[in-house]
Amino acid sequence: MVTQKIFNNIKKEEQLDCSYEEFLNYYNSLPDKTINYSYSFHKFDEEYKGHKIENPTKNNNALYYVLEVEGRTYLQNHKPYVSGYEPITEENKEEVLNEHINQIKEEINNSYKLQETINHFKNL
């Protein structure tokens, strides 16, 4: 989401000649990108590329996953976006992974839409 404050900074920096409403309307009209990803779950006794992965949760049933999104690799050995080291388990692995994927997709799409909107108004 583009706030008025963010817009004001972008408008000044990029020397755009549009209103906040015009900018936001264009931004919101853009479709989300199709984002490619793959993943795999692993037990901590399995190595990743020849390396033992640390289990910060100390839970013997914990898992880690490797998530690849748009050329970036995330090796996740505990629940992301929560404080502390909460384990990823058989019971919560799909939910944890989906939350992580959705967060990354949102970040990528926000960045993409922001750049496309800036480019649109720079080229008018």
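The values are calculated or read from the model by the stated rules, or taken from the named source; none is laboratory data. Just so we're clear, the structure is a prediction, and the values are computed from it rather than from any experiment. Cβ: placed from backbone, ideal geometry, glycine included. Neighbour counts: every protein chain shown.
Filtering E54, E86, E68 for residues that are loosely packed, with under 13 Cβ neighbours inside 10 Å and among the charged types (D, E, K, R) leaves a single hit, E54. Taking the criterion of being β-branched (V, I, T) and in contact with a helix residue (DSSP H, G or I) (Cβ under 9 Å, 6 or more places away or on another chain), the residues of region 41-88 that qualify are V69, I88. Can you confirm whether T34 is among the polar types (S, T, N, Q), surrounded by 14 or more Cβ atoms within 10 Å (Cβ to Cβ) and over 22 Å from F7 (Cα atoms)? For T34, the condition - among the polar types (S, T, N, Q), surrounded by 14 or more Cβ atoms within 10 Å (Cβ to Cβ) and over 22 Å from F7 (Cα atoms) - is not met.
Taking the condition of being closer than 17 Å to E22 by Cβ and of a type in the set (F, W, Y), how many residues in region 83-124 meet it?
Taking region 83-124 first, the residues closer than 17 Å to E22 by Cβ are 113-124.
With of a type in the set (F, W, Y) added as a condition, the list becomes 121.
Number of matching residues: 1.
Here the condition is being of a type outside the set (A, V, I, L, M, F, W, C) and touching a residue at least 40 places away in the same chain (Cβ under 8 Å); of Y85, Y81, Y27, it holds for Y27 alone.
Take the residues of region 63-118 that are β-branched (V, I, T) and farther than 13 Å from I35 by Cα: which is modelled with the lowest pLDDT? Reasoning before the result, please.
Going residue by residue through region 63-118, those that are β-branched (V, I, T) are 66, 69, 73, 82, 88-89, 96, 101, 104, 108, 117-118.
Narrowing further to those that are farther than 13 Å from I35 by Cα: 66, 73, 82, 88-89, 96, 117-118.
Working: V66: 98, T73: 97, V82: 94, I88: 98, T89: 98, V96: 98, T117: 98, I118: 97.
If we take residues in region 63-118 being β-branched (V, I, T) and farther than 13 Å from I35 by Cα, then V82 is modelled with the lowest pLDDT.
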